[in-house]
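See structure below.
Computed from the coordinates by the stated procedures, all read-outs in this text should not be read as laboratory data. This one's a predicted model, so the numbers in the text were calculated from it and none came from an experiment. Note that we place each Cβ from the backbone using ideal geometry, even for glycine, and neighbour counts take in every protein chain shown.
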Amino acid sequence: MSAPFRISRRQLLRSSSSLLALPFLESLGFQRFAAALPARPKRLVFLGFGWGVTRETWYPELQQTGADYLLPAGLAPLAQHRKDFTVIQGCSNKFSNEAHWGSTFWLTGANRYAEPGRSFCNSISADQVAAARLGRDTRFSSLQFGTPDASNQGHGPGLSLAWDERGKPLAGSDNPVAAFHKLFSAEDTPLATRQRMLVEKRSVLDALAGDLARVRRGLSLEDTDKLDEYTQSIRDIETRLSKDEQWLGVPKAASPCPEPRPGLAGREEIKAMYDLLVAALKTDTTRVLTYRQPVDSLLKSIDVPYTGHDLSHYERSQGDRMEFSQKKDAAQSSLLAGLIDKLKATKEPDGSSLFDHTVLVFGSNISSVHFLNNCPTLVAGGGAGLKLGQHLVLPKDTPLCNVWLTLLNGIGIDVARHGDSTGPVKELIA
């Protein structure tokens with residue numbers, strides 16, 4: 001009897017493109033190989049847009065819950081993926097009161113008046129809660145993608161969708177070219193020079209720490225609070241420096257996609273950002289990513305003759321605004337379907353797909369016009385053990401942060417609450 005055939009790990013990886021169509025045959029040792037691979041990391045992605053949706057044709061009918069709902073026109077381009085996403089109705093952020101802010105408090109659920117004497121404050125966003133855990137082993141703890149002139153895109157204050165633990169905005173890359181270079185372009189500064197720069201920065205921080213200790217004596221309560229905030233910002237810089245030191249001598253990953261053309265806008269800009277999103281996850285450059293998306297430039301690129309704000313007031317118009325609003329919804333859903341296609345097509349070493357280990361959220365803090373209730377919310381991907389393929393209607397004004405809490409717990413982040421959450425959404429857990 002001949003000895004059983006065995007295949008090495010190196011042979012499997014070298015020929016992975018030809019093996020994708022084969023089942024994992026036990027006689028070839030695939031089961032033992034797959035068992036030896038480490039568990040694939042979880043990823044979390046938030047895609048946020050401003051100005052809401054066409055309520056009449058984006059949301060499924062309220063009475064059609066579960067798996068047997070009729071896919072509405074606004075989500076029709078996602079039909080091939082309907083078993084892999086869930087549409088959630090009934091959620092809102094109870095403290096939201098700015099009808100043009102589609103993202104400022106979307107991931108935080110914060111009360112802007114929570115601090116006495118101040119008209120604005122925020123708290124940590126759900127992506128940054130995840131980044132504190134998932135970002136330990138990647139070059140970037142998180143990445144923030146955005147778009148120029150976001151305030152006119154229905155987003156509100158902030159530099160991205162992300163807010164740190166002090167409620168301070170985190171900056172991001174506002175065009176595909178900048179995002180590409182951040183991800184994949186080699187450093188121009190010699191390694192020795194970068195090492196010296198890090199040492200100098202640490203020396204400055206050490207000197208500051210000593211000065212701050214002396215300044216603290218005799219300060220008023222208000223000034224002490226200001227100094228504490230400044231001290232925390234120093235700690236944040238120290239954390240970033242530690243991350244820089246960790247990856248100082250490690251070359252960036254080779255890009256699996258070409259550099260985007262300069263000047264992309266609207267539909268092509270979003271497609272390019274989606275390609276970079278997949279590339280960032282595929283190369284494990286980050287595991288947490290947010291994208292604050294454009295609306296006005298998207299409308300221009302699909303020949304809609306209105307701004308996002310004017311289009312959101314389609315209910316008050318006797319003209320064609322509702323039709324164009326529906327066209328916008330279809331364009332956004334089509335782009336999302338293309339992203340899901342790419343995530344499913346990107347294979348992991350164990351034969352699964354990137355989509356199988358990713359949680360993907362698509363939505364806004366605005367439903368339409370100036371309405372801040374029933375935030376449009378779609379969750380997809382296999383990364384959090386969610387019950388997908390359903391239409392879920394929750395009690396009116398369920399905290400949107402209940403959904404974020406469910407996702408965080410699902411990817412292994414053991415937190416008891418987030419923002420104004422009251423508990424996980426049990427109906428969303430598989």
Original post:
So for the pair residue 223, residue 71, with labels modelled 7 Å out along Cα→Cβ, what separation do we get in nm?
Top reply: 6.4
**OP:** Putting +1 on Lys and Arg Cβ atoms and -1 on Asp and Glu Cβ atoms, find which of 128, 155, 144 reaches farthest to the positive end of the dipole of the range 85-170.
**Re:** 128
Original post:
Label points 7 Å out from Cα along the Cβ direction at residue 166 and residue 181: separation in nm?
Top reply: 2.8
**OP:** Calculate, for residue 259 and residue 307, the FRET efficiency according to 1/(1 + (r/R0)^6) with r their C-beta to C-beta distance and R0 30 Å; round to the nearest 0.05.
**Re:** 0.45
Original post:
Put +1 on the Cβ of every Lys and Arg and -1 on every Asp and Glu Cβ in the range 293-413; which of 302, 401, 365 then has its Cα farthest towards the positive end of the dipole?
Top reply: 401
**OP:** Of all alpha-carbon pairs in the range 362-430, indicate the percentage at a distance above 21 angstrom.
**Re:** 23
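Can you figure out the FRET efficiency of residue 284 with residue 427, using R₀ = 22 Å and their beta-carbon distance, to the nearest 0.05?
Details: r = 32 Å, r/R0 = 1.46.
For residue 284 and residue 427, the calculated efficiency is 0.10.
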Original post:
How long is the gain from residue 369 to residue 97 if the chain were fully straight, where each residue apart is worth 0.36 nm and the alpha carbon distance is subtracted?
Top reply: 96.6 nm
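At 0.36 nm per residue, and after removing the present C-alpha to C-alpha distance, how many nm does the segment from residue 196 to residue 248 gain when stretched out fully?
On the way: separation 52, 0.36 × 52 = 18.72 nm, distance 1.14 nm.
That works out to 17.6 nm of additional length.
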Subject >> Residues listed by number, the range 62-84, amide nitrogen under 13 Å from residue 341 label point at 7 Å toward C-beta >> reply: 77-81
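Could you give the dipole magnitude of the range 245-298 about its Cα centre, charging the beta-carbon of Lys and Arg +1 and that of Asp and Glu -1, in debye to the nearest 20? Write down the numbers at each step before the final one.
Details: 7 positive and 7 negative charges, 21 e Å.
About 100 debye.
Just how many % of Cα pairs in the range 263-418 lie over 25 Å apart, if you round to the nearest whole percent? Each step should come with its number before you reach the end.
Values: 4822 of 12090 pairs.
Result: 40 percent of Cα pairs exceed 25 Å.
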Subject >> Residues of the range 376-419 with amide N under 13 Å of a point placed 7 Å along Cα→Cβ from residue 352 >> reply: 381-386, 411-412
Original post:
For residue 344, which lysines qualify as cross-link partners when the Cα separation must be under 23 Å and same-chain residues fewer than eight apart are set aside?
Top reply: 42, 83, 271, 282, 387
